[in-house]
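Inspection log for the structure reproduced underneath, given as structure tokens.
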Amino acid sequence: MKYHYNIKGLTCVGCVNSVKLKLEEVLPEASINVYLKESKVIVESSKKPVIETLKKALSKKYLIEEFRIESEIIKEEKKYSKVKELKPLFLIFSYILAASIIINFKQWNTSEFMIDFMGLFFIVFSFFKLLDLKGFAKTFKMYDPLAKRIGPYAQIYPFIEIVLGLLFLFRFQIQIAILVTLVILSITTFGVLKALFNKQEIQCACLGTVLKLKMTEATFIENTIMIVMGLLLLVNS
């Protein structure tokens with residue numbers, strides 16, 4: 001059976017001969033062919049070689065790995081890029097979550113925890129939006145249905161978040177704050193879903209424009225968590 005491997009570091013015929021020789025030493029019963037142009041190694045053997053054995057046989061100049069088609073490599077690189085890109089969002093979300101837990105740790109109350117979380121969420125996220133209000137408004141209009149129709153809404157949205165955050169944190173008019181939260185986030189989430197469904201390559205405005213996050217499923221999840229918390233608080237109250 002033939003086993004295919006990608007290899008990096010081949011620069012000349014000498015490299016090909018060196019790799020072939022080293023691999024034949026650890027796989028004496030196998031037939032090995034090394035291709036310079038394709039950067040590929042084909043091992044014909046009755047038993048699949050252990051990739052770690054092949055790696056140890058070669059010097060650090062060469063990197064050998066099991067063969068993957070280009071589309072798989074691109075997909076993996078995109079996945080890594082998305083995780084790296086969303087790291088600031090995950091970190092901020094984690095800090096808000098940790099702060100909410102610490103505040104309510106001694107006398108735990110789930111409703112109080114959710115109120116603090118929502119309050120901190122709005123305050124922190126509004127801060128990033130205000131760093132570039134004009135840029136945020138322009139980006140927000142690209143997917144939020146209400147902002148598309150009413151231009152000034154995008155300009156005042158961060159201030160709405162500040163007011164909501166203060167209402168939650170100071171425990172003032174909680175029910176009104178919850179209702180407003182459900183309305184504005186439901187509208188935004190609808191726009192996010194539409195953008196994701198249409199596979200639009202647009203920037204997410206949740207953290208303003210300074211961090212330059214692409215619209216992904218994380219935006220939908222973030223909004224959904226807030227909506228679910230709002231609904232739970234409404235039912236409990």
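Quick notes
- Any hit, the stretch 203-212, residues being open to solvent by 20 Å² or more (accessible area, probe 1.4 Å), part of a loop (DSSP other than H, G, I, E, B) and under 15 Å from PRO145 (Cα atoms): no
- Scanning the stretch 141-150 for residues that are out of contact with any strand residue (DSSP E or B) (no Cβ under 9 Å at 6 or more places or on another chain) and either crowded, with 21+ Cβ neighbours inside 10 Å or of a type in the set (Phe, Trp, Tyr) (or both) turns up ASP144, ALA147.
- Filtered residues of the stretch 97-117 (kept if open to solvent by 50 Å² or more (accessible area, probe 1.4 Å) and over 24 Å from the mean Cα position of the chain (by Cα)): ILE102, ILE103, PHE105, LYS106, GLN107, TRP108, ASN109, THR110, GLU112
- Criterion: assigned to a helix (DSSP H, G or I) and either within 20 Å of the chain's Cα centre (by Cα) or over 16 Å from LEU207 (Cβ atoms) (or both) - qualifying residue of LEU120, LEU164: LEU164
- Matching option when the condition is part of a helix (DSSP H, G or I), aliphatic (A, V, I, L, M), open to solvent by less than 80 Å² (accessible area, probe 1.4 Å) and within 20 Å of PHE128 (Cβ to Cβ), among ALA218, ALA177: ALA218
- Of the residues screened, LYS56 is not one that is without any contact (Cβ under 8 Å) to a residue 60 or more places away in the chain, in contact with a helix residue (DSSP H, G or I) (Cβ under 6 Å, 6 or more places away or on another chain) and more than 15 Å from HIS4 (Cβ to Cβ).
- The residues on offer are PHE136, PHE125, and the sole one that is crowded, with 21+ Cβ neighbours inside 10 Å, assigned to a helix (DSSP H, G or I), in contact (Cβ under 8 Å) with a residue 60 or more places away in the chain and in contact with a Lys or Arg (Cβ under 7 Å, 6 or more places away or on another chain) is PHE136.
- Of residues in the stretch 17-39 being part of a helix (DSSP H, G or I) and over 13 Å from SER59 (Cα atoms), the one nearest to the chain's Cα centre (by Cα): VAL26
- Within the stretch 155-192, being among the aliphatic types (A, V, I, L, M) and either under 14 Å from ILE227 (Cβ atoms) or in contact with a Cys (Cβ under 7 Å, 6 or more places away or on another chain) (or both) holds for LEU164, ALA177, ILE178, LEU179, VAL180, LEU182, VAL183, ILE184, LEU185, ILE187, VAL192.
- Taken residue by residue, the stretch 159-168 has no member that is closer than 15 Å to LEU211 by Cα and surrounded by 21 or more Cβ atoms within 10 Å (Cβ to Cβ).
- Boolean, TYR153 is hydroxyl-bearing (Ser, Thr, Tyr) and crowded, with 21+ Cβ neighbours inside 10 Å: no
The values are calculated or read from the model by the stated rules, or taken from the named source; none is laboratory data. Since the structure is predicted, the reported quantities are computational estimates derived from the model, not experimental observations. Cβ: placed from backbone, ideal geometry, glycine included. Neighbour counts: every protein chain shown. Surface areas here come from the heavy atoms of the whole protein model, side chains and all, with no ligands, DNA or RNA. Shrake-Rupley method; radii C 1.70, N 1.55, O 1.52, S 1.80 Å.
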